[in-house]
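Written out below as structure tokens is the structure these notes cover.
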Amino acid sequence: MGSAGTLVLITAISGRALAASARRGGYVPLVADFFGDEDTRALAERHVRLDTNIARGIIADELLEALETLASAQRPAGTVWGTGFEDRPELLARVSERWGLLGNSAETVTRIKDPLAFAGLCSERGIPHPQTSLTPPADSRGWLAKRRGGAGGTHVTPAADATENDKADYFQRHVEGTPVSALILADGRRAMVLGFSAQWSAPSLSRPFRYGGAVRPAALAPGLTEAMTGAVERLIAAVPLVGLNSADFLVEGDAFWLLEINPRPGATLDIFEPADGSLFALHVDAMRGRLPQRAPVLSGAAASATVYATDDIPSMPAIDWPEWAADRQNAGTSVSAGEPVCTVLAHANAPSTAKALAEQRVTAILSKVAPRLP
């Protein structure tokens, strides 16, 4: 738990979930992100919106200037980073030199996001992992093209459909299964799995693996939880991950494949946030070498889903946002088709009910926006 008024820098493509958890943990967030959503700005002590776009990614000089603005005349305890940096370890190194990182180092990110090094590490540790290659396969059928450090599934395409615009860095054999993610808390030596969530896609014509949402707990076959937890523990014994991380798996029956490690807090923060406590506080404690005695107890089931605009929205209407909506776009904002409008959250007794409710809420938000489109 942060001491009263502990300032922290937060930067990510979207910083809202981190800022909300930081507030719950007694920290005061100073946030730089792409969106500057209504609720993000309400949570942040100070906020700077990065004047760029998701396709281009985070620009080093712009980010460093934003963090300088946020931290001016103040002494933040460090920087917590989220989505958007996995392909920019050199930028993380520059942030670390100036303000310090409360999370994984640039060196760790470089190691864990190197496709061949990661495949070799999985092989050494006896962890099932899809066949991986840096060169296009002679027969592209059954292969995926991926971008190193990509997130949200938008960087994944069938290798047969990949174009120069997809900027594929490596290729991976496609395996069938249900996407399952493990939320991990690590202290550089040990790992604690906080829970598993099942994920689903919201495909578009050009992005068949685009992230749709997640629900916890994931339904796993007997013994699979222990096997996947063991895989995570073996991996972190070899790589000094700290704080909150996630491991992405594909699960088919009682078999699994570990696809990748995301070395930062990710999309499932909302559904794993405990009623009493803060994942952000646990993240900071863990990176300083302190793991809790046990994982937070979570009741029932929870789901979150991303609402994507189905058409261009030249000017976002003023919406009376329901309390279950987060990442709330500002009125007047321009949103292109395929870009996120907001996130919806749902709680229920069973995972299937929570997921169904989240999907209903996606439709409800779209109905608020669509009638206002020209």
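Overview of values
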{"read-out": "Some residue of segment 348-361 being in a helix (DSSP H, G or I), closer than 20 Å to Glu38 by Cα and either without any contact (Cβ under 8 Å) to a residue 24 or more places away in the chain or not assigned by TED's automatic domain parsing to the domain that holds Ala17 (or both)", "value": "yes"}
{"read-out": "Every residue from segment 185-198 that is touching a Gly at 6+ places or on another chain (Cβ under 9 Å) and surrounded by 21 or more Cβ atoms within 10 Å (Cβ to Cβ)", "value": "Leu185, Ala186"}
{"read-out": "Enumeration of residues in segment 104-136 that are in contact with a Pro (Cβ under 8 Å, 6 or more places away or on another chain) and of a type in the set (D, E, K, R)", "value": "Glu107, Lys113"}
{"read-out": "In segment 84-98, residue farthest from Glu45 (Cα to Cα) [restricted to those that are touching a residue at least 40 places away in the same chain (Cβ under 8 Å) and surrounded by fewer than 22 Cβ atoms within 10 Å (Cβ to Cβ)]", "value": "Asp87"}
{"read-out": "Residues of segment 225-256 that turn out to be on the phi > 0 side of the Ramachandran plot and part of a loop (DSSP other than H, G, I, E, B), as a count", "value": "1"}
{"read-out": "Of residues in segment 322-338 being touching a residue at least 40 places away in the same chain (Cβ under 8 Å) and closer than 25 Å to Pro203 by Cβ, the one surrounded by the most Cβ atoms within 10 Å (Cβ to Cβ)", "value": "Gln329"}
{"read-out": "Search result, residues across segment 263-280 that are crowded, with 18+ Cβ neighbours inside 10 Å and modelled with pLDDT of 95 or more", "value": "Pro263, Arg264, Pro265, Thr268, Leu269, Asp270, Ile271, Phe272, Glu273, Ser278, Leu279, Phe280"}
{"read-out": "Filter result for the condition that a residue is surrounded by fewer than 19 Cβ atoms within 10 Å (Cβ to Cβ) and in the same structural domain as Glu176 (by TED's automatic domain parsing), over Gly213, Gly230", "value": "Gly230"}
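A quick yes/no check of all residues on (1) assigned by TED's automatic domain parsing to the domain that holds Arg210; (2) closer than 18 Å to Arg24 by Cβ:
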position: Leu258; (1), (2): yes, no
position: Ile261; (1), (2): yes, no
position: Phe280; (1), (2): yes, yes
position: Pro296; (1), (2): no, yes
position: Cys342; (1), (2): no, no
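The values are calculated or read from the model by the stated rules, or taken from the named source; none is laboratory data. All values reported here derive from a predicted model rather than from experimental measurement. Here Cβ is always computed from backbone atoms with ideal geometry, including for glycine, and neighbour counts include all displayed protein chains.
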